[in-house]
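Engineer: Handing you a structure now.
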Amino acid sequence: MTRRTVRIAMNGVTGRMGHRQHLVRSILAIREQGGLDLGDGRVVWPEPVLVGRREHALRELARRHGLTEWSTDLDAVLADGTVDVYFDAQATSARADAIRKAIAAGKHVYTEKPTATDTAAALDLARLARAAGVRHGVVQDKLFLPGLRKLKRLVDGGFFGEILSVRGEFGYWVFEGDWQEAQRPSWNYRAEDGGGIVVDMFPHWEYVLHELFGRVCGVTAHVTTHVPRRWDEDGKPYAATADDAAYGIFQLESGAVAQINSSWAVRVHRDELVEFQVDGTHGSAVAGLRGCRVQHRSATPKPVWNPDAPVTEAFRDQWQEVPDNAGFDNGFKAQWELFLRHVVLDEPFPWDLLAGARGVQLAELGLKSSAEGRRYDVPELTL
């Protein structure tokens, strides 16, 4: 086997998502398996260069994982001709400027979403990357979840017949931070720092709906801040200026309707933290992070509304579990492997910066819809 080293500047890996999912469960996991086998006698060996603002955190992270390269000087790292890829998992407000620098330096770009704070900036990144001829991709991890892969299998196999509607429930209670530590960083709840559940989650819903059911062509949303006062990492109270819940209706090009509730102020009474129910003329399915259950029209019961008598049917027991039929790797790692193959072999990679811009656009229009109390068309984006 011939080893092809790909050096990756990883910016923002001292944060929860960048550290756990991208560094540990993706890049380091690929190294632990001996690299990425390309199937042609070559193995891609990812070599991370940790980048961030906090020197002590970078040094400790590198020590913990046996890595030797880290820097607080992004410009110097991007000027290094041996660095092939720039990856960004920073706070949203810092992302677009860093990606512009990386593109100008000729680096391939892989980034978390949202790619920018507004649609114009997100489209600008896509145009710059295309003009520079660099490869580019955006993390769209939920497409690789076992539950949604099973759901995609059902869609592709025609299980649903005509798809009528999609209903999604996402969220959990994020502690305020006063008597229990919050599970999310405080910047998530400050609009001035790029926080808010709409800019965080609507880009996810855009690509999930787009890839499984078709393009979103209209949006109506109600956005609110249910918990207006929270406590930060130092135990100090602050005003939550960003939205923590959003209730969206998405019109799909096919004519189907999707309704998705997103909330960091809801207590979980469902099997998984996110679930989608898809109803079609021939059958229905409920998919979560890992599981997926179905009910075909031939096995659909005949409930009768009768508020004067107790329910006699166990409705959940009337659904059938969809088998795995395959092994499912970590979704972040699976997409990293596809992106590395895209960089080295130029294999197709559809989840690019233009796809990322669609997510930013949907978030922007969702916020506008809520502020103005009206429905908005979602124009198709092009470069």
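The values are calculated or read from the model by the stated rules, or taken from the named source; none is laboratory data. Only a predicted model underlies this, so the values are computations on that prediction, with no experimental measurement involved. Neighbour counts are summed over all protein chains in view; Cβ atoms, including those assigned to glycine, are modelled from backbone coordinates with ideal geometry.
Engineer: Let me confirm something: among GLU372, GLU380, GLU364, which residue is surrounded by fewer than 20 Cβ atoms within 10 Å (Cβ to Cβ), among the acidic types (Asp, Glu) and under 23 Å from the mean Cα position of the chain (by Cα)?
Structural biologist: On inspection, the qualifying residue turns out to be GLU380.
Engineer: Checking the conditions here, which among PHE175, PHE160 is surrounded by 22 or more Cβ atoms within 10 Å (Cβ to Cβ), over 21 Å from the mean Cα position of the chain (by Cα) and either modelled with pLDDT of 95 or more or not charged (D, E, K, R) (or both)? It would help to see each step written out before you state the result.
Structural biologist: Values: PHE175 fails: surrounded by 22 or more Cβ atoms within 10 Å (Cβ to Cβ).
Among PHE175, PHE160, only PHE160 is surrounded by 22 or more Cβ atoms within 10 Å (Cβ to Cβ), over 21 Å from the mean Cα position of the chain (by Cα) and either modelled with pLDDT of 95 or more or not charged (D, E, K, R) (or both).
Engineer: For the range 266-300, enumerate the residues that are in a loop (DSSP other than H, G, I, E, B) and either over 28 Å from ASP244 (Cα atoms) or among the hydrophobic types (A, V, I, L, M, F, W, C) (or both).
Structural biologist: Our first condition is that a residue be in a loop (DSSP other than H, G, I, E, B); within the range 266-300, this holds for 266-273, 281-282, 288-291, 300.
The answer is VAL266, VAL268, LEU273, THR281, HIS282, LEU289, THR300.
Engineer: Right, something else. I'm checking my understanding of the structure. Among residues of the range 278-300 that are hydrophobic (A, V, I, L, M, F, W, C) and touching a residue at least 60 places away in the same chain (Cβ under 8 Å), which one is surrounded by the fewest Cβ atoms within 10 Å (Cβ to Cβ)? Can you show your working first?
Structural biologist: Within the range 278-300, the subset hydrophobic (A, V, I, L, M, F, W, C) is 278, 285-287, 289, 292, 294, 299.
Add one more test, that the residue is touching a residue at least 60 places away in the same chain (Cβ under 8 Å), and what stays is 278, 285, 287, 289, 292, 294.
On the way: VAL278: 26, ALA285: 24, ALA287: 27, LEU289: 15, CYS292: 27, VAL294: 20.
Here the residue is LEU289.
Engineer: So which strands (runs of 3 or more DSSP E) stay within the range 1-103 end to end and still have 1 or more residues that are among the charged types (D, E, K, R) and surrounded by 22 or more Cβ atoms within 10 Å (Cβ to Cβ)?
Structural biologist: Working: elements: 2-11, 42-51, 85-88.
Of the strands (runs of 3 or more DSSP E) lying wholly inside the range 1-103, those with at least 1 residues that are among the charged types (D, E, K, R) and surrounded by 22 or more Cβ atoms within 10 Å (Cβ to Cβ) span 85-88.
Engineer: Being touching a helix residue (DSSP H, G or I) at 6+ places or on another chain (Cβ under 9 Å) and outside the structural domain of LEU252 (by TED's automatic domain parsing) narrows it down to one residue among GLY171, GLY137; which is it?
Structural biologist: Numbers: GLY171 fails: outside the structural domain of LEU252 (by TED's automatic domain parsing).
The unique qualifying residue is GLY137.
Engineer: So how many residues does the range 97-145 have that are of a type outside the set (A, V, I, L, M), touching a His at 6+ places or on another chain (Cβ under 6 Å) and closer than 26 Å to GLY195 by Cβ? Please lay out each step first, then the result.
Structural biologist: Filtering the range 97-145 down to residues of a type outside the set (A, V, I, L, M) leaves 97, 100-101, 106-108, 110-115, 117-119, 124, 127, 130, 133, 135-137, 140-142, 144.
Filter again for touching a His at 6+ places or on another chain (Cβ under 6 Å), leaving 135, 142.
Checking the rest, the ones that are also closer than 26 Å to GLY195 by Cβ come to 142.
So the answer is 1.
Engineer: Given the conditions (1) in contact with a strand residue (DSSP E or B) (Cβ under 9 Å, 6 or more places away or on another chain); (2) closer than 17 Å to HIS22 by Cβ, and given that THR72 satisfies all but one, which numbered condition is not satisfied?
Structural biologist: Exception for THR72: condition (2).
Engineer: Right, something else. Only one of these is free of Cβ contacts under 8 Å to residues at least 24 places away in the same chain, assigned to a loop (DSSP other than H, G, I, E, B), under 29 Å from TYR110 (Cβ atoms) and out of contact with any Phe, Trp or Tyr (no Cβ under 7 Å at 6 or more places or on another chain): PRO307, PRO303, PRO350. Name it. Talk me through it step by step, then tell me what you get.
Structural biologist: On the way: PRO307 fails: under 29 Å from TYR110 (Cβ atoms); PRO303 fails: under 29 Å from TYR110 (Cβ atoms).
Only one candidate passes the filter, namely PRO350.
Engineer: Please work out if GLY359 is more than 30 Å from ARG16 (Cα to Cα), at pLDDT 95 or above and out of contact with any Gly (no Cβ under 9 Å at 6 or more places or on another chain). So that I can check it myself, show each step before the final result.
Structural biologist: On the way: more than 30 Å from ARG16 (Cα to Cα): no; at pLDDT 95 or above: yes; out of contact with any Gly (no Cβ under 9 Å at 6 or more places or on another chain): yes.
Criteria not met by GLY359.
Engineer: From the list LEU148, LEU128, LEU154, which residue is modelled with pLDDT of 95 or more and surrounded by 22 or more Cβ atoms within 10 Å (Cβ to Cβ)? Outline the logic, then answer.
Structural biologist: On the way: LEU128 fails: surrounded by 22 or more Cβ atoms within 10 Å (Cβ to Cβ); LEU154 fails: surrounded by 22 or more Cβ atoms within 10 Å (Cβ to Cβ).
Only one candidate passes the filter, namely LEU148.
Engineer: Would you check if ASP324 is outside the structural domain of ARG16 (by TED's automatic domain parsing), assigned to a loop (DSSP other than H, G, I, E, B) and not hydroxyl-bearing (Ser, Thr, Tyr)? Can you show your working first?
Structural biologist: On the way: outside the structural domain of ARG16 (by TED's automatic domain parsing): yes; assigned to a loop (DSSP other than H, G, I, E, B): yes; not hydroxyl-bearing (Ser, Thr, Tyr): yes.
In short, yes.
Engineer: Now for a different question. Please return the ranges of strands (runs of 3 or more DSSP E) entirely within the range 196-265 where 1 or more residues are in contact with a helix residue (DSSP H, G or I) (Cβ under 6 Å, 6 or more places away or on another chain) and at pLDDT 95 or above.
Structural biologist: On the way: elements: 216-224, 229-231, 237-239, 245-252, 257-263.
Because the criterion is at least 1 residues that are in contact with a helix residue (DSSP H, G or I) (Cβ under 6 Å, 6 or more places away or on another chain) and at pLDDT 95 or above, the strands (runs of 3 or more DSSP E) in the range 196-265 that meet it are 216-224, 229-231, 245-252, 257-263.
Engineer: Right, here's the next one. Could you check the range 104-117 and list, in sequence order, the residues that are farther than 18 Å from SER71 by Cα and surrounded by fewer than 22 Cβ atoms within 10 Å (Cβ to Cβ)?
Structural biologist: ALA104, GLY106, THR117, listed by residue number.
Engineer: List every residue pair whose Cβ atoms sit under 9 Å apart, with the two residues 6 or more apart in sequence or on different chains, where the first one lies in the range 133-160 and is over 30 Å from ILE103 (Cβ atoms) and the second, anywhere, is surrounded by fewer than 19 Cβ atoms within 10 Å (Cβ to Cβ) and of a type in the set (Ser, Thr, Tyr).
Structural biologist: So the pair list comes out as PHE160/THR281.
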